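Have a look at the structure below before the remarks.
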Amino acid sequence: MSQFKLGFIINPIAGIGGSVALKGSDGVAEQALELGAKPKANERAALALEILAPYKAQIQVFTCNNDMGERCASQLGFNTQVVYQSQAAQTSADDTENAVRALLENQVDIILFAGGDGTARNIAKVVSEHSEVHGGAQVPVLGIPAGCKIHSGVYAITPKAAGRVVEMMVNKELVTLAEGDVMDIDESLFRQGVVKAKRYGEMQIPSELRYVQAVKSGGKECDELVLQDIAANVIEEMADEDESLFIIGSGSTTAFLMAELGLDNTLLGVDLVHEQSLVANDLTEAELWQHIQQHQGECRLVITLIGGQGHIFGRGNQQLSPRIIRHIISQPGGKDNITIIATKTKLAALNNRPLISDTGDGELEQALSGYMAVTTGYKDQVLYPVASPE
């Protein structure tokens with residue numbers, strides 16, 4: 001029986017700027033490391049490969065040296081062949097592109113990669129060039145979400161979901177191929193609170209709607225009256241719990257709340273409010289944890305979901321780490337200390353898909369799974385399921 005040839009690439013620094021509020025990794029990896037950020041891409045890639053562990057005898061992994069894939073695959077016991085050697089202390093876009101060329105030369109069945117939108121752009125460039133030169137269909141590609149920004153439609157919704165899709169291919173189940181858009185944004189504008197996304201092409205992806213995310217919705221909420229009602233409800237809760245420290249997550253819905261409070265807001269960051277006054281803007285994970293430790297009272301969290309995807313953790317708010325979320329739900333009230341705000345229109349757009357908590361911490365995700373209340377207006381809430389990632 002022929003072996004399944006799995007091409008495997010990790011961008012080791014993907015997402016490294018998230019926890020330290022740099023909103024990306026492009027050109028800021030050294031700064032992120034100096035601020036204490038810890039690389040997480042290998043951990044997230046391992047979650048995908050663990051799903052495939054029962055099929056080791058059927059899979060040959062073609063990958064890159066060290067933290068670009070070799071270490072992760074070898075530690076999990078896969079038959080691993082290094083086809084690209086990076087010579088750099090810190091890998092670059094050139095390494096990703098050269099690695100893809102090596103994988104294509106080895107005629108892999110799929111390229112599974114861990115990274116963000118920048119990594120997807122690098123891979124799409126080479127895959128497209130190879131297809132133009134050699135003709136024929138493109139090799140399928142699937143992303144393991146590991147970056148700060150995941151706007152592209154070439155990613156699985158969670159690392160484990162990526163493993164599930166490849167598992168279907170290994171088992172020769174029917175998997176539909178579809179075009180997934182490769183999107184990216186200008187990170188320099190992103191750090192100023194401006195989202196300017198651009199389409200850079202498409203790649204063939206194994207499309208299973210349960211496991212692969214849609215392209216992120218780029219539009220802002222337009223129903224101002226509904227948003228005013230949601231904000232009024234949260235502000236009333238704040239008044240009732242004046243001693244609590246309120247952590248305000250990223251997104252346009254939470255930005256509307258901050259505007260109603262008359263406070264400066266970090267659209268793509270995490271802010272802190274106490275007694276309806278601003279404590280600090282755009283906090284890193286470490287800064288947020290320090291404030292929580294110093295605060296004598298309870299802490300509350302106000303978040304929204306990412307339109308079109310349903311993520312409440314793990315997309316654009318990596319500052320909200322497992323230890324912070326765990327601290328919040330360990331207080332009296334449990335999960336009710338997390339206020340999720342969204343319009344019913346935004347929930348309806350999920351087409352009954354559950355909300356997703358992608359923290360990378362399996363025990364925490366189990367604790368968050370089940371039904372949670374979502375504030376959709378003034379004194380108006382709906383119960384909505386939160387799923388433990390596949």
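The values are calculated or read from the model by the stated rules, or taken from the named source; none is laboratory data. Computed from a predicted structure; not experimentally measured. Neighbour counts are summed over all protein chains in view; Cβ atoms, including those assigned to glycine, are modelled from backbone coordinates with ideal geometry.
Condition (residue is farther than 23 Å from G316 by Cα, assigned to a strand (DSSP E or B) and at pLDDT 90 or above) applied to region 155-177: is it met by at least one residue? Talk me through it step by step, then tell me what you get.
Our first condition is that a residue be farther than 23 Å from G316 by Cα; within region 155-177, this holds for 164-177.
With the extra rule that they be assigned to a strand (DSSP E or B), the set shrinks to 176-177.
Restricting the remaining residues to those that are at pLDDT 90 or above gives none.
No; the residues of region 155-177 include none that is farther than 23 Å from G316 by Cα, assigned to a strand (DSSP E or B) and at pLDDT 90 or above.
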Query raised in the report: Considering only residues of region 101-137 that are closer than 14 Å to M203 by Cβ and touching a His at 6+ places or on another chain (Cβ under 8 Å), which is surrounded by the fewest Cβ atoms within 10 Å (Cβ to Cβ)?
Result: L104
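Mind listing whichever residues of region 332-367 are of a type outside the set (D, E, K, R), part of a helix (DSSP H, G or I) and under 17 Å from the mean Cα position of the chain (by Cα)? Outline the logic, then answer.
Of all residues in region 332-367, those of a type outside the set (D, E, K, R) come to 332-334, 337-343, 345, 347-352, 354-357, 359-360, 362, 364, 366-367.
Retained after the next criterion (residues that are part of a helix (DSSP H, G or I)): 334, 337, 345, 347-348, 362, 364, 366-367.
Scanning region 332-367 gives G362, L364.
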Report task. Among the residues of region 72-96, write down those that are more than 15 Å from A14 (Cβ to Cβ) and either among the hydroxyl-bearing types (S, T, Y) or in a helix (DSSP H, G or I) (or both). Result -> A73, S74, Q75, T80, Y84, D94
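Go through region 317-358 residue by residue and tally those that are of a type in the set (S, T, N, Q), crowded, with 18+ Cβ neighbours inside 10 Å and more than 20 Å from V234 (Cβ to Cβ). Let's see the steps before the verdict.
From region 317-358, those of a type in the set (S, T, N, Q) are 317-319, 321, 330-331, 337, 339, 343, 345, 351-352, 357; that's our starting set.
Restricting the remaining residues to those that are crowded, with 18+ Cβ neighbours inside 10 Å gives 317-319, 321, 337, 339, 343, 357.
Remaining after also requiring more than 20 Å from V234 (Cβ to Cβ): 318, 321, 357.
Result for region 317-358: 3.
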Requested in this report: For region 52-60, indicate whether the set of residues that are in the same structural domain as M168 (by TED's automatic domain parsing), on the phi > 0 side of the Ramachandran plot and in a helix (DSSP H, G or I) is non-empty.
Outcome: no
Query raised in the report: For region 311-332, what are the residues that are more than 22 Å from G147 (Cα to Cα) and hydroxyl-bearing (S, T, Y)?
Result: S330
Query raised in the report: Which residue pairs have Cβ atoms under 8 Å apart, sit 6 or more places apart or on different chains, and have a first residue in region 249-264 that is under 16 Å from E237 (Cα atoms) and of a type in the set (D, E) and a second that is outside any loop (DSSP other than H, G, I, E, B) and modelled with pLDDT of 90 or more?
Result: E260/A231; E260/A232; E260/I235
Requested in this report: May I ask you to list pairs of residues, at least six apart or on different chains, whose Cβ atoms are under 9 Å apart, with the first in region 103-117 being farther than 18 Å from Q85 by Cα and the second being in a strand (DSSP E or B) and of a type in the set (D, E)?
Outcome: G116/D184; D117/D184
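Examine region 250-273 for a residue that is closer than 29 Å to L6 by Cα and at pLDDT below 90, and state whether such a residue exists.
Restricting attention to region 250-273, the residues satisfying the condition of being closer than 29 Å to L6 by Cα are none.
Within region 250-273 (the criterion being closer than 29 Å to L6 by Cα and at pLDDT below 90), the answer is no, since none of the residues qualifies.
Given the residues S330, S357, which is the only one that is under 21 Å from Y155 (Cβ atoms) and modelled with pLDDT of 90 or more? Before you say what the answer is, go through the steps one by one.
Values: S330 fails: under 21 Å from Y155 (Cβ atoms).
Answer to the selection: S357.
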